[in-house]
Amino acid sequence: MNDSRTTKEGIRIHMPGDSAGMHKAGAVASQILDEVGALVEPGTTTAALDDFITRRIQELGATSATIGYRGYQHASCISVNHVVCHGIPGDKVLKDGDILNIDVTVIVDGWFGDTSRMYVAGRAPIKAQRLLKVTHDALMKGIEVVRPGATFGDIGAAIQSYAEGQRMSVVRDFCGHGIGKVFHAPPNVLHFGRAGKGPVLEEGMFFTIEPMVNLGRPETKVLADDWTAVTRDKSLSAQFEHSIGVTADGCEIFTPSDKFFPDLG
Ligand code: MF3
Ligand code: CO
Ligand code: CO
């Protein structure tokens, strides 16, 4: 019996039973992001948030996918204000109005659950609030087009046209990815592109969509720590990420939460 098929682009087609494992892993990652929200406030350090995440992963019987990944040493990435992604938790103290992305990936029974969302310390300025809303809605517009027969280009085009229509920009330097029993698998899930281009979606594909949207220009640079990516123009950046699976008639979200979008006060 052959239970593992990959497309010509190297994209794995999972078996119907595999989504149960993804739902379990996704639920753990999402629960931890729900819980850490209570700790996000002015005066807290990003290291304190990461310590909590490390402890909860352990208590829930899961494993961190990021500790030891390419030398990364933390259970989360915490990206504040103009940090686009891969912010390293540390002694940075949050202040009123800071916006931050917390990104957690866990392994449960061999399956990877990868999700990130935005938080606000105190109350964010209106422009930052708008960035959060547009980035969240851009992700959901990408998810909405997912069904067998659509293409990865359709996803990128939906996200790009929406974000740019709101006069914001989509980061090109980082993308979503296939996921499953591995952290990062084909394809690269671009958050920009043209409808009809790219691999065709099939039932059983599992991948993330994780658009990063900037208030200013899309260009990024990586700091000397080799991880922290920031906007070149220092403009604010936001990101939301779900792990999803293509179903017979659409998609399923493995990392849902009723707290996914923050209360902006
Ligand atoms: N969770 C990130 C993603 O969405 C990857 C983080 S890798 C790390 O793909 F090493 F920086 F943690
Ligand atoms: Co990801
Ligand atoms: Co992630």
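Take the conditions modelled with pLDDT under 95 and farther than 18 Å from residue 256 by Cβ and apply them to residue 79. Does it pass? Spelling it out, it is not the case that residue 79 is modelled with pLDDT under 95 and farther than 18 Å from residue 256 by Cβ. The C-beta contact set for the range 161-179 (first residue under 16 Å from residue 104 (Cα atoms) and at pLDDT 95 or above, second residue of a type in the set (Ser, Thr, Tyr) and within 16 Å of ligand 2 (Cβ to nearest atom), distance under 6 angstrom, 6+ apart or interchain) comprises 176/208; 177/208; 179/208; 179/243. Pairs linking a residue in the range 241-254 that is touching a residue at least 12 places away in the same chain (Cβ under 8 Å) and more than 13 Å from residue 14 (Cβ to Cβ) to a residue that is more than 12 Å from ligand 2 (Cβ to nearest atom) and not in a loop (DSSP other than H, G, I, E, B), with Cβ atoms under 6 Å and 6 or more positions apart or on different chains, are 242/253. Looking across the range 1-34, the residues that are part of a strand (DSSP E or B) and either among the charged types (D, E, K, R) or under 20 Å from the mean Cα position of the chain (by Cα) (or both) come down to 5, 12.
Looking across the range 222-258 at every residue that is closer than 21 Å to residue 112 by Cβ and charged (D, E, K, R), the one that is farthest from ligand 2 (Cβ to nearest atom) is identified as 252. Residue count for the range 215-226 satisfying the condition of being surrounded by 19 or more Cβ atoms within 10 Å (Cβ to Cβ) and touching a residue at least 60 places away in the same chain (Cβ under 8 Å): 2. The set of residues in the range 101-129 being in a strand (DSSP E or B), of a type outside the set (Val, Ile, Thr) and in contact with a Leu (Cβ under 7 Å, 6 or more places away or on another chain) consists of 117, 118, 119.
For the criterion of being buried (at least 18 other Cβ atoms within 10 Å of the Cβ) and either farther than 25 Å from residue 65 by Cα or of a type outside the set (A, V, I, L, M, F, W, C) (or both), residue 201 passes. Just one residue in the set 238, 195 is assigned to a loop (DSSP other than H, G, I, E, B), modelled with pLDDT of 95 or more and more than 13 Å from ligand 1 (Cβ to nearest atom); that residue is 195.
Only one of the listed residues (74, 86) is touching a residue at least 24 places away in the same chain (Cβ under 8 Å), surrounded by fewer than 23 Cβ atoms within 10 Å (Cβ to Cβ), farther than 25 Å from residue 169 by Cα and within 16 Å of ligand 2 (Cβ to nearest atom). That residue is 74. The lone criterion from (1) out of contact with any Lys or Arg (no Cβ under 6 Å at 6 or more places or on another chain); (2) modelled with pLDDT of 95 or more; (3) part of a loop (DSSP other than H, G, I, E, B) left unmet by residue 42 is number (1). Restricting the first member to the range 39-66 and to residues that are within 16 Å of residue 88 (Cβ to Cβ) and within 16 Å of ligand 3 (Cβ to nearest atom), and the second to residues that are charged (D, E, K, R) and assigned to a strand (DSSP E or B), no beta-carbon pair is closer than 7 Å while six or more apart or on different chains.
The values are calculated or read from the model by the stated rules, or taken from the named source; none is laboratory data. Quick caveat, the model's predicted, so the values are computed rather than measured. Please note: Cβ atoms are built from the backbone with ideal geometry, for glycine as well, and neighbour counts cover all protein chains shown.
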